[in-house]
Amino acid sequence: MAIALGIDLGTTNSCAAVATPTGVEFVLGSRAERIHPSVVAFPASGGVVVGADAKRYRLTEPGNVIHSAKRFIGQNIRAPLVQLALTGIRYKVVEGPNQQPIVAVRDRRMTMPEISSHVLQYLKRCAERQLGTAIADAVVTVPANFTDAQRTATKEAGRLAGLNVTRLINEPTAAALAYGFGRNKDQLITVFDFGGGTFDVSILKIDGEVFEVLASDGDFFLGGDDLDRALAEVLAAECTRVLHFDPRPNAVLMMKLMMGAEAIKCHLSDNDAAEGEIDGIDLPNGQVGSLSFSLTRLQFEELINGYINRTIEVTRQVLAQANLPASAISDILCVGGSTRIPAVRQRLAEVFLRQPNVSINPDEVVAQGAAIQAGSLSGSITAGTGMGARDAVLTDAHSPLIYGGGKPQTALVRPVLLDVNPSTLAIQTTGGFAEKLLDKNAPIPIERSRVFTTARDNQTRVEIDCCRGESRRYAENEPLGKLVLEELPAKPRGDLKIEVSFRVDADGILHVAASDVDSGQKQEAVLHVIGAPTGDIA
Amino acid sequence: MNARLDVLMWAQRINGNKKLPPHQLLAVPANADMETAQAAFHKIARMAHPDLHRNGLTAAELELVTSAYATIANAYQSCRNQAMATARMKPIDKAPGVPAPATPSGAAPIQAGPQSAMSSRALVYYRKAELCLKRGDLRGAMLQLKMAIGTDPSSTFLRAALIEVESEARKAP
């Protein structure tokens, strides 16, 4: 029986697991760690270093350490938010063909999928060493609001790593699967996924083995990194005040402050105040100084209040999209490291009037769900009971899974994931309007076709511009790409009928096809996606 | 391989009738509410979701099933949109698809002394809610209770009261 890997490919950390006969087994690194930093280093001494070892180069060679690649994968480098995110990194990113971001490190130029593929390859190698068998298949998780291009690029990363990505599933959905699979309960839950780089909220209905996402939304550029950066800015200001110089132009120093900020943030999750010193600060006069700080939890909460407000605002929007009152939700899952912040949990409790569920391990539950889905897709899980979320925290001792070889004890049960389309998909029509084809939050896989016609007489060429976004005006939405139909029969305007069909597959990737209704001649055309990797980098 | 034949026959039937109105594809009444549409869709998903047939079908057969399933997904979305539009015209507490919240065990009955169970600021809203209840204005009472909970989110007393009023409102015609 082929073993398939479940991978949570995160912005800051990644985690991988397999569903084995003894439950979910996590892939361990060289120091038996379950969490692997999504960091790839290309040290001056040569070679490629991934994971915890790569992190060590942050202070010595900040320009050669690639982190947060997930923020740029499948993105258009000219997008304003991408430009903003670029200000927060210390390695060099340049514009490549098709407006895709390209990492330039030392003498190498690499696409973002290539960077991510190093992380995936590392996890694959660790898993193969641990299980003593080759692994070909994997399920990789992505943020629920990942776009088409980002999903395609993530699949590409898997391919480059030598993995056959059997499915991309959304992170909140994976968490819900790990939580609810085998519990056989009917309930409505909210998954609040506040990770290192992204933020997602999903509302799911669990109906036995069916997991239906009712609504999902998020903010792609909001995560623990932003909180660290906000705190690092405060430390930088403190540095200017006390040590009389501005550390911000100094990459190494800012990295040190970011690391300090992260440590302070984590400390304040368990303590009311953080006091201490950041050592080893190189002063302009050549000496080495230290910066002392003292921060209370209240001060920190005030600092990050704006970010938390944003997450709560999105949560309320998602409830409204699902057309549900907060009181209908019977459990709130906290996923992602940033949900450890007490203020986040408290604000969630205020929205839902109940304490969020903190018994699951926020760092591991997504990989666990991915592993269950991977096992299910490869056919190795035939029946399941009681794969409770608590297993993610406790031991891997008891086995809720029965393997393909054995006789199923209960009726054949495999989870059915009904995920959703992350954003409204539309095409441009006359007058610059966006004609909606597929709704946000519609279940996937989904297919819909509409018939359109020509606007001019004897028009033989039609361009179909596709976009994503909620605006009625095409120009205000994010363009996805263009489909061109040529050599159409010349007819008076309005006579030619063109059927455009949109299909979003179970990975959340859009496929567009168009055909001339009367002749029935199908003009399959490939959507040209802006920002997607093109394979060659000049 | 009964399941395999069943799903292929089903897919063929759906693919041949793609132009039918959404509710007929989903096999629900024309003005079906959210719960009915959802139950019908889940039933189909349990039987025909393409993921369940990845290993048993050829690529061409799987494409047939996927296409049929994707058509049904679109029909479900249409039915759901319609049900949601209908539900919006009714008051929210009577909207279909909202299961009754479970009453927490050991919740205080609404008549128990409220002074000790909440902060003084919340008590102001609670008194207003009581006045609304006397007038028979359930929705007003719910609003005031929600305001009270907003002021004092830790009070289980207030939450129990809100749940009680909400269930009253559901029973009312």
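A few points about this structure:
- Nearby aspartates and glutamates by direct alpha-carbon distance to B:LYS171 (threshold 13 angstrom, same-chain neighbours under 8 apart not counted): B:ASP93
- Order of B:TYR126, A:TYR307 under a 10 Å beta carbon neighbour criterion, fewest first: A:TYR307, B:TYR126
- Exposure proxy order (Cβ contacts within 10 Å, fewest to most) of A:GLU33, A:GLU463, A:GLU209: A:GLU463, A:GLU33, A:GLU209
- Among the trypsin sites (Lys or Arg not before Pro) in segment A:10-77, those placed in a DSSP loop whose Cβ has at most 10 other Cβ atoms within 10 Å are A:ARG31.
- Computed from backbone phi, the HN-Hα couplings of segment A:192-207 come to 10, 10, 10, x, x, x, 10, 9, 9, 10, 10, 10, 10, 9, 9, 10 Hz, rounded to whole numbers (Karplus: 6.51 cos²θ - 1.76 cosθ + 1.60, θ = phi - 60°; Gly and Pro given as x).
- Per-residue HN-Hα couplings for segment A:154-159 [Karplus 6.51, -1.76, 1.60; θ = phi - 60°; Hz; x = Gly/Pro]: 5, 4, 4, 4, x, 4
- Gyration tensor (alpha-carbon) shape descriptor, the protein assembly as shown, a/c threshold 1.5: rounded
- For A:LYS92 and A:GLN317, the difference between the fully extended length at 0.36 nm per residue and the C-alpha to C-alpha distance is 77.3 nm.
- Using a simple spin-label model with pseudo-atoms 7 Å out from Cα toward Cβ, A:ALA230 and B:LEU143 lie 3.3 nm apart.
- Between B:ARG170 and B:ALA60, full extension at 0.36 nm per residue minus the direct alpha carbon distance yields a gain of 34.6 nm.
- Rounded to 0.05, the FRET efficiency of the B:THR156 and A:SER519 pair, given R0 = 51 Å and the Cβ-Cβ distance, is 0.15.
- DSSP bridge orientation in the protein assembly as shown - percent antiparallel, rounded to nearest 5: 80 percent
- Size of electric dipole in segment A:224-302: Cβ of Lys, Arg +1 and of Asp, Glu -1, about Cα centre, debye, nearest 20: 240 debye
- All lysines inside 22 Å of A:LYS497 as judged from Cα atoms, apart from same-chain residues fewer than 8 positions distant: A:LYS436, A:LYS482, A:LYS522, B:LYS18, B:LYS19
- Listed residues A:HIS511, B:ALA27, A:MET112: farthest to the positive end of the dipole of the protein assembly as shown (Cβ charges): B:ALA27
- As a proxy for reagent exposure, ranking A:VAL462, A:VAL18 by other Cβ atoms within 10 Å from fewest up yields A:VAL462, A:VAL18.
- Between A:ALA2 and A:GLU478, the modelled labels are 3.1 nm apart [label points 7 Å from Cα along Cα→Cβ].
- Under 21 Å from A:LYS55, Cα to Cα: lysines that are on another chain or at least 8 residues apart: A:LYS70, A:LYS92, A:LYS124, A:LYS256, A:LYS265
- Each residue of segment A:474-486 is assigned a 3J(HN,Hα), and the resulting list reads 4, 5, 8, 9, 8, x, 9, x, 9, 10, 10, 10, 10 Hz, derived from the Karplus form 6.51 cos²θ - 1.76 cosθ + 1.60 (θ = phi - 60°), x at Gly and Pro.
- Gained length - A:ARG159 relative to A:LEU81, 0.36 nm times residue gap less alpha-carbon distance: 25.3 nm
- Charge dipole (debye, nearest 20) of the protein assembly as shown; +1 at Cβ of Lys and Arg, -1 at Cβ of Asp and Glu: 1140 debye
- Residues within the reach of a label modelled at A:ARG241 (point 7 angstrom out along Cα to beta-carbon, backbone nitrogen below 20 Å), restricted to segment A:286-315, are A:289-306.
- Estimated FRET transfer efficiency when R0 is 60 angstrom, pair A:ALA134-B:GLU130 (beta carbons, to 0.05): 0.30
FYI, it's all coordinate maths here, none of it is from the lab. This is a predicted model, so every value here is computed, not measured. Reconstructed Cβ throughout: ideal geometry from the backbone, glycine too, with neighbour counts over all protein chains shown.
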